[in-house]
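K.L.:
I have a structure I would like to understand better, so I am pasting it below and will then ask my questions one at a time.
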Amino acid sequence: MEDEKVQWSSHISFILATVGSAVGLGNIWRFPYIMGKNGGAVFLITYLLLIAFICVIPLCCELFIGKKYKTDTIQSIKNINPKFKWVGWLCILTVILIPCFYFVVGGWILNYIWLFLSHHIPANFTQYFGAYSSQIYMPVILTLLFLIMTAIFPYRGVNDGIEKANNIMMPLFAIILIILAIFALTLPGAKEGLLFMFKPNFSHFDKTMILTALGQALFTLSIGMGTILTYGSYMKEKTNIAKSAYQLIFFDTLIALLAGIMIFPIVFSFGVEPTAGASLVFISLPEMFSKLPFSSFFGLVFFVLLFFASITSGISMMETGILSFIKNFNISRKKATIILTTIIGLISIPSTLSFGVLKDFTLFNKTFFDLLDYSTSNILLPFNTLLICLLSGWCIKSLWKELLGENIFGYIFNILLKFVVPVILICVLVTGI
Ligand code: TRP
């Protein structure tokens, strides 16, 4: 069958691709803010402990399953236990739903790149963003354009498309981020910005903060939908799973911190309230960029940075769905890409419109866009992760031995996997709902 012997051509390509998947909007528009708001350095230490000892477990499981069965999410899970094949389908459902809101943001990014490229910088970004996102045609067209751009790379194959995209975009991403962060540190608000982000504040240390840190760690590592599993299935035989997992965690966290070092000095230099999400990225930051010298240059570079971050994540989502379509429907890569792109395109349209004509079309008090975001991030991702951990721990008896050997690390891993991590994930799920 097609794609049988596909492998990353080097370890660096594998790491760049997984880092490309993990580093996305979550690192830039969410992590810095929740770190600053939830106790600074205290949050950082909690986050590091959680990601290094808890989230690393499902991460290793996905990599292990991918490497062992060398096939898509659904077939891999069927190989573990045929009764649980539906868990694989649930992962694929998630990987189809996430792009339907994630790519809407991708479309906005394309629009802002165009704004700064063509020097059409609006006077008031609050007004502009509200007006733009509620339009009908342009946002939909750009969402679909972003979708097609993410589909081109997997369409061309793993080595010729996905690997090349990440090998070029991720180093460029890192260079732009470092330059912007260094520039930000020369601004007058640098000290205040860094204090906002890093200053330890123990008063936030409670259950809510721990759960916030956990939710963020799970989302940012792209686990719970078979993406890491899929990328892991192209791993070389000699690749060490635990080491790769920690490399991924290291780079993902480093980039999230650099993003904060870039953002907060700018925010505090202009004396605006720090925020997160769409209002930070599409309103406050561009507003401030437009006041800097060489405004269109900085604006442009920043949105190109966001574009790289989001498209490399998008590519990994597409590939997860595509490989599953190839293996389960026995179709070609090209056909699988076209089918998946069509499905996501159709669902993305109402999602894009939920900022305008479909604003009042709500369910549980949420627009279609919010509903997609909420149900995937808070319910499906932790639920899938829980099931993957339970399957790995209780159905692949030798996982911990093969992964770490019969030593103290192996025993600890086994206990964490079978008992501790599932209990924690259930807590995340219950509070998320
Ligand atoms: N990790 C991505 C981010 O930080 C978001 C994400 C969640 C993701 N699950 C994913 C990306 C699966 C790719 C595949 O923005």
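K.L.:
Among the helices (runs of 4 or more DSSP H) contained in segment 124-225, which hold 2 or more residues that are away from the ligand (no atom under 16 Å from the Cβ) and within 29 Å of GLU319 (Cβ to Cβ)?
P.N.:
Numbers: elements: 125-133, 137-156, 164-185, 190-198, 207-220.
Here the list reads 137-156, 164-185.
K.L.:
For segment 10-50, which positions are out of contact with any Phe, Trp or Tyr (no Cβ under 7 Å at 6 or more places or on another chain), farther than 25 Å from ILE168 by Cα and crowded, with 24+ Cβ neighbours inside 10 Å?
P.N.:
Answer for segment 10-50, where residues must be out of contact with any Phe, Trp or Tyr (no Cβ under 7 Å at 6 or more places or on another chain), farther than 25 Å from ILE168 by Cα and crowded, with 24+ Cβ neighbours inside 10 Å: PHE43, TYR47.
K.L.:
Let me ask something additional. For segment 254-272, which residues satisfy the criterion of being under 14 Å from PRO32 (Cβ atoms) and open to solvent by 10 Å² or more (accessible area, probe 1.4 Å)? Break it down into steps so the answer makes sense when it comes.
P.N.:
Pass one, segment 254-272, residues under 14 Å from PRO32 (Cβ atoms): 254-268.
Answer for segment 254-272, where residues must be under 14 Å from PRO32 (Cβ atoms) and open to solvent by 10 Å² or more (accessible area, probe 1.4 Å): LEU254, ILE255, LEU257, LEU258, ILE261, PHE268.
K.L.:
Taking segment 298-332 only, how many residues are in a helix (DSSP H, G or I), farther than 15 Å from ILE266 by Cα and open to solvent by 20 Å² or more (accessible area, probe 1.4 Å)?
P.N.:
Count: 7.
K.L.:
A further question follows. Filter segment 168-215 down to the residues that are within 19 Å of the chain's Cα centre (by Cα) and open to solvent by 60 Å² or more (accessible area, probe 1.4 Å) and list them by number.
P.N.:
Hits for segment 168-215 are ILE168, LEU172.
K.L.:
While we're on this one: Any residue in segment 301-315 that is under 14 Å from TRP108 (Cα atoms) sitting within a Cβ distance under 6 Å of a residue that is β-branched (Val, Ile, Thr) and open to solvent by 10 Å² or more (accessible area, probe 1.4 Å)? List the pairs, counting only those 6 or more apart or interchain.
P.N.:
Filtered contacts from segment 301-315: PHE303/ILE113; LEU305/ILE176.
K.L.:
Answer with yes or no whether PRO293 is more than 14 Å from the ligand (Cβ to nearest atom), outside any helix (DSSP H, G or I) and surrounded by fewer than 17 Cβ atoms within 10 Å (Cβ to Cβ).
P.N.:
For PRO293, the condition - more than 14 Å from the ligand (Cβ to nearest atom), outside any helix (DSSP H, G or I) and surrounded by fewer than 17 Cβ atoms within 10 Å (Cβ to Cβ) - is met.
The values are calculated or read from the model by the stated rules, or taken from the named source; none is laboratory data. Owing to the predicted nature of the structure, the values given are computational and were not obtained by experimental measurement. Virtual Cβ from ideal backbone geometry, glycine too; neighbours counted across all protein chains shown. The area values use the complete protein model at the heavy-atom level, side chains included, leaving out ligands, DNA and RNA. Shrake-Rupley method; radii C 1.70, N 1.55, O 1.52, S 1.80 Å.
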